[in-house]
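Below is one structure, written out as C-alpha coordinates; the observations come after it.
The values are calculated or read from the model by the stated rules, or taken from the named source; none is laboratory data. Everything numeric here is computed off the predicted structure, so don't read it as measured data. Backbone-built Cβ (ideal geometry, glycine too); neighbour counts: all protein chains shown. Only protein heavy atoms, including side chains, enter the accessible area calculation; ligands, DNA and RNA are left aside. Shrake-Rupley method; radii C 1.70, N 1.55, O 1.52, S 1.80 Å.
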Amino acid sequence: MAERLVLHEYSASGNCYKVRLTAACVGEHVERRQYDIMKGETRTPQFLREVNGNGRIPVLQVGERFVPESNAACYYIADGSGLVPTERFDRADMLHWMFWEQYNHEPNIATLRFWKDWIGHDNLSEAQRLQIPLKREAGEAALKLMNDHLQARDWIVGTTMSLADICLFAYTHVAEEGGFELSKYPRVQAWIERVKGQPHYNPMNG
(Lines give C-alpha, C1' and ligand atoms only; values in the text may rest on other atoms or scores of the structure.)
Protein backbone atom coordinates (compact mmCIF):
# COMPACT_ATOMS: atom_id res chain seq x y z
CA MET A 1 0.00 0.00 0.00
CA ALA A 2 1.30 3.46 -0.93
CA GLU A 3 2.18 5.74 1.96
CA ARG A 4 -0.25 8.51 2.83
CA LEU A 5 0.77 11.92 1.49
CA VAL A 6 -0.07 15.07 3.44
CA LEU A 7 0.84 18.54 2.22
CA HIS A 8 1.46 21.04 5.00
CA GLU A 9 0.79 24.31 3.22
CA TYR A 10 -0.46 27.87 2.90
CA SER A 11 -2.73 27.72 -0.14
CA ALA A 12 -1.91 31.19 -1.55
CA SER A 13 1.79 30.33 -1.74
CA GLY A 14 3.14 29.50 -5.18
CA ASN A 15 5.64 27.14 -3.60
CA CYS A 16 2.75 25.19 -2.08
CA TYR A 17 0.73 25.39 -5.29
CA LYS A 18 3.47 23.78 -7.36
CA VAL A 19 3.30 20.69 -5.15
CA ARG A 20 -0.49 20.48 -5.58
CA LEU A 21 -0.19 21.00 -9.35
CA THR A 22 2.43 18.26 -9.61
CA ALA A 23 0.16 15.89 -7.73
CA ALA A 24 -2.80 16.79 -9.96
CA CYS A 25 -0.77 16.23 -13.14
CA VAL A 26 0.35 12.74 -12.10
CA GLY A 27 -2.99 11.77 -10.53
CA GLU A 28 -1.63 11.49 -6.99
CA HIS A 29 -3.95 12.18 -4.07
CA VAL A 30 -2.50 14.53 -1.48
CA GLU A 31 -4.26 15.53 1.73
CA ARG A 32 -3.97 19.20 2.58
CA ARG A 33 -3.24 20.68 6.00
CA GLN A 34 -3.46 24.47 6.15
CA TYR A 35 -1.34 26.88 8.19
CA ASP A 36 -1.70 30.66 8.34
CA ILE A 37 1.81 32.01 7.93
CA MET A 38 0.56 35.53 8.71
CA LYS A 39 -0.34 34.31 12.19
CA GLY A 40 2.95 32.50 12.72
CA GLU A 41 1.43 29.04 12.65
CA THR A 42 4.60 27.53 11.14
CA ARG A 43 6.72 28.97 13.95
CA THR A 44 5.03 27.27 16.86
CA PRO A 45 7.07 24.87 19.01
CA GLN A 46 4.87 21.99 17.84
CA PHE A 47 5.36 22.73 14.14
CA LEU A 48 9.10 23.21 14.58
CA ARG A 49 9.34 19.97 16.52
CA GLU A 50 7.01 17.76 14.49
CA VAL A 51 7.01 19.09 10.90
CA ASN A 52 9.94 21.31 9.94
CA GLY A 53 12.57 22.76 12.24
CA ASN A 54 13.18 25.44 9.61
CA GLY A 55 9.68 26.78 10.24
CA ARG A 56 8.69 26.94 6.59
CA ILE A 57 6.16 25.40 4.25
CA PRO A 58 5.41 23.56 2.06
CA VAL A 59 6.38 20.28 3.64
CA LEU A 60 5.28 17.00 2.11
CA GLN A 61 4.61 14.34 4.71
CA VAL A 62 5.18 10.81 3.43
CA GLY A 63 3.81 8.45 6.03
CA GLU A 64 5.78 9.45 9.13
CA ARG A 65 8.61 11.12 7.21
CA PHE A 66 8.83 14.69 5.91
CA VAL A 67 10.16 16.30 2.72
CA PRO A 68 10.69 20.06 3.17
CA GLU A 69 11.43 22.43 0.26
CA SER A 70 8.90 22.77 -2.54
CA ASN A 71 10.95 21.46 -5.45
CA ALA A 72 12.12 18.43 -3.48
CA ALA A 73 8.48 17.66 -2.64
CA CYS A 74 7.55 18.04 -6.31
CA TYR A 75 10.33 15.68 -7.31
CA TYR A 76 9.21 13.06 -4.81
CA ILE A 77 5.69 13.10 -6.24
CA ALA A 78 6.76 13.19 -9.90
CA ASP A 79 9.57 10.63 -9.72
CA GLY A 80 8.86 7.84 -12.19
CA SER A 81 6.24 9.85 -14.09
CA GLY A 82 6.39 11.56 -17.47
CA LEU A 83 7.19 14.84 -15.74
CA VAL A 84 10.75 13.63 -15.11
CA PRO A 85 12.71 13.08 -18.35
CA THR A 86 14.26 9.68 -18.85
CA GLU A 87 17.13 11.05 -20.93
CA ARG A 88 20.08 11.79 -18.65
CA PHE A 89 20.96 15.27 -19.94
CA ASP A 90 17.34 16.42 -19.98
CA ARG A 91 16.90 15.20 -16.43
CA ALA A 92 19.94 17.21 -15.31
CA ASP A 93 18.68 20.22 -17.28
CA MET A 94 15.32 19.94 -15.53
CA LEU A 95 17.11 20.08 -12.18
CA HIS A 96 19.14 23.07 -13.39
CA TRP A 97 15.96 25.03 -14.07
CA MET A 98 14.43 23.95 -10.76
CA PHE A 99 17.51 25.20 -8.88
CA TRP A 100 17.48 28.40 -10.94
CA GLU A 101 13.82 28.94 -10.08
CA GLN A 102 14.57 28.92 -6.36
CA TYR A 103 17.75 30.98 -6.64
CA ASN A 104 17.02 33.60 -9.34
CA HIS A 105 13.28 33.59 -9.98
CA GLU A 106 11.30 32.95 -6.79
CA PRO A 107 13.30 35.26 -4.45
CA ASN A 108 12.42 38.22 -6.66
CA ILE A 109 9.06 37.60 -8.32
CA ALA A 110 7.46 35.81 -5.37
CA THR A 111 8.87 38.20 -2.79
CA LEU A 112 7.49 41.31 -4.51
CA ARG A 113 4.08 39.63 -4.80
CA PHE A 114 4.16 38.82 -1.08
CA TRP A 115 5.29 42.30 -0.06
CA LYS A 116 2.68 43.97 -2.25
CA ASP A 117 -0.39 41.84 -1.51
CA TRP A 118 0.26 40.45 1.97
CA ILE A 119 2.56 42.89 3.79
CA GLY A 120 1.68 46.16 2.09
CA HIS A 121 4.16 48.88 1.11
CA ASP A 122 3.49 50.98 4.20
CA ASN A 123 4.36 48.05 6.45
CA LEU A 124 7.70 47.25 4.84
CA SER A 125 10.91 48.00 6.66
CA GLU A 126 13.30 50.55 5.24
CA ALA A 127 15.66 47.73 4.27
CA GLN A 128 12.86 45.98 2.36
CA ARG A 129 11.91 49.18 0.52
CA LEU A 130 15.51 49.63 -0.56
CA GLN A 131 15.48 46.11 -2.02
CA ILE A 132 12.43 46.68 -4.23
CA PRO A 133 14.29 48.16 -7.25
CA LEU A 134 16.91 45.41 -7.11
CA LYS A 135 14.30 42.66 -6.86
CA ARG A 136 12.31 44.29 -9.68
CA GLU A 137 15.39 44.33 -11.91
CA ALA A 138 16.29 40.74 -11.06
CA GLY A 139 12.70 39.58 -11.61
CA GLU A 140 12.56 41.26 -15.02
CA ALA A 141 15.88 39.60 -15.92
CA ALA A 142 14.45 36.21 -14.95
CA LEU A 143 11.35 36.70 -17.08
CA LYS A 144 13.46 37.90 -20.02
CA LEU A 145 15.69 34.85 -19.75
CA MET A 146 12.63 32.60 -19.83
CA ASN A 147 11.18 34.50 -22.77
CA ASP A 148 14.46 34.19 -24.71
CA HIS A 149 14.75 30.50 -23.83
CA LEU A 150 11.25 29.83 -25.17
CA GLN A 151 11.99 31.44 -28.52
CA ALA A 152 12.35 28.16 -30.40
CA ARG A 153 10.70 25.72 -28.02
CA ASP A 154 7.36 25.05 -26.35
CA TRP A 155 8.67 23.73 -23.03
CA ILE A 156 11.52 24.58 -20.68
CA VAL A 157 13.19 21.18 -21.10
CA GLY A 158 12.75 18.65 -23.89
CA THR A 159 9.63 18.44 -26.03
CA THR A 160 6.95 17.88 -23.38
CA MET A 161 6.00 19.46 -20.09
CA SER A 162 8.33 18.55 -17.25
CA LEU A 163 8.69 19.36 -13.61
CA ALA A 164 10.76 22.39 -14.61
CA ASP A 165 7.66 23.88 -16.25
CA ILE A 166 5.50 23.28 -13.19
CA CYS A 167 8.02 24.76 -10.77
CA LEU A 168 8.47 27.88 -12.92
CA PHE A 169 4.78 28.22 -13.71
CA ALA A 170 3.70 28.59 -10.09
CA TYR A 171 4.99 32.12 -9.55
CA THR A 172 5.34 33.19 -13.20
CA HIS A 173 1.62 32.99 -13.94
CA VAL A 174 0.84 35.32 -11.01
CA ALA A 175 3.83 37.63 -11.56
CA GLU A 176 1.53 40.54 -12.38
CA GLU A 177 0.32 40.43 -8.77
CA GLY A 178 3.83 41.58 -7.89
CA GLY A 179 3.76 44.40 -10.43
CA PHE A 180 5.43 42.67 -13.39
CA GLU A 181 3.95 43.15 -16.89
CA LEU A 182 3.75 39.77 -18.59
CA SER A 183 2.70 41.42 -21.86
CA LYS A 184 6.39 42.31 -22.25
CA TYR A 185 7.13 38.59 -22.49
CA PRO A 186 4.79 37.13 -25.14
CA ARG A 187 6.52 33.75 -25.34
CA VAL A 188 6.17 33.39 -21.59
CA GLN A 189 2.49 34.23 -21.91
CA ALA A 190 2.03 31.59 -24.62
CA TRP A 191 3.86 29.04 -22.45
CA ILE A 192 1.56 29.86 -19.51
CA GLU A 193 -1.44 29.06 -21.71
CA ARG A 194 0.15 25.77 -22.80
CA VAL A 195 0.56 24.74 -19.17
CA LYS A 196 -3.05 25.70 -18.43
CA GLY A 197 -4.17 23.62 -21.40
CA GLN A 198 -2.61 20.39 -20.15
CA PRO A 199 -4.80 17.49 -18.99
CA HIS A 200 -5.42 17.49 -15.24
CA TYR A 201 -4.33 21.13 -14.88
CA ASN A 202 -5.58 22.50 -11.59
CA PRO A 203 -5.71 26.28 -10.96
CA MET A 204 -4.06 27.89 -7.97
CA ASN A 205 -7.37 28.49 -6.20
CA GLY A 206 -8.75 25.09 -7.17
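Numbers at a glance
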| quantity | calculated |
| --- | --- |
| Spatially proximal lysines relative to Lys116 (Cα-Cα < 24 Å; intrachain offsets below 8 disregarded) | Lys18, Lys39, Lys135, Lys144, Lys184 |
| Derived scalar couplings ³J(HN,Hα) [the range 181-192; Karplus, 6.51 cos²θ - 1.76 cosθ + 1.60; whole Hz; x for Gly, Pro] | 9, 5, 4, 6, 10, x, 6, 5, 4, 5, 5, 4 |
| Magnitude of the charge dipole, the range 82-206, Cβ model with Lys/Arg +1 and Asp/Glu -1, debye to 20 | 100 debye |
| Accessible surface of the chain [probe 1.4 Å, protein heavy atoms]: carbon and sulfur percent | 51 percent |
| Solvent-accessible area per residue, Å², over the range 11-71 with all protein chains present [probe radius 1.4 Å] | 51 Å² |
| Top positive-direction residue, dipole computed over the chain with Cβ charges, set Ala142, Leu124, Val188 | Leu124 |
| Å² per residue, accessible surface of the range 140-206 at 1.4 Å | 44 Å² |
| Longest DSSP-loop-exposure-free segment, trypsin sites (Lys or Arg not before Pro), the chain, at most 13 other Cβ within 10 Å | 44-152 |
| The range 86-92 - phi-based ³J(HN,Hα) in whole Hz, Karplus 6.51/-1.76/1.60, Gly and Pro as x | 8, 6, 4, 5, 4, 5, 5 |
| Cut-off under 5 Å, modelled amide H: who pairs with Arg32 long-range | Leu7 |
| For the chain, with +1 on Lys and Arg beta carbons and -1 on Asp and Glu, the positive-most of Trp155, Thr111, Gly63 along the dipole | Thr111 |
| Base-10 log of normalised Debye intensity for the range 125-185 (one unit scatterer per alpha-carbon) at q = 0.12, 0.16 Å⁻¹ | -0.36, -0.59 |
| Per-residue HN-Hα couplings for the range 49-62 [Karplus 6.51, -1.76, 1.60; θ = phi - 60°; Hz; x = Gly/Pro] | 7, 9, 10, 8, x, 7, x, 10, 10, x, 9, 9, 8, 10 |
| Mean accessible surface per residue for the range 91-134, computed with a 1.4 Å probe while every protein chain stays in place, in Å² | 57 Å² |
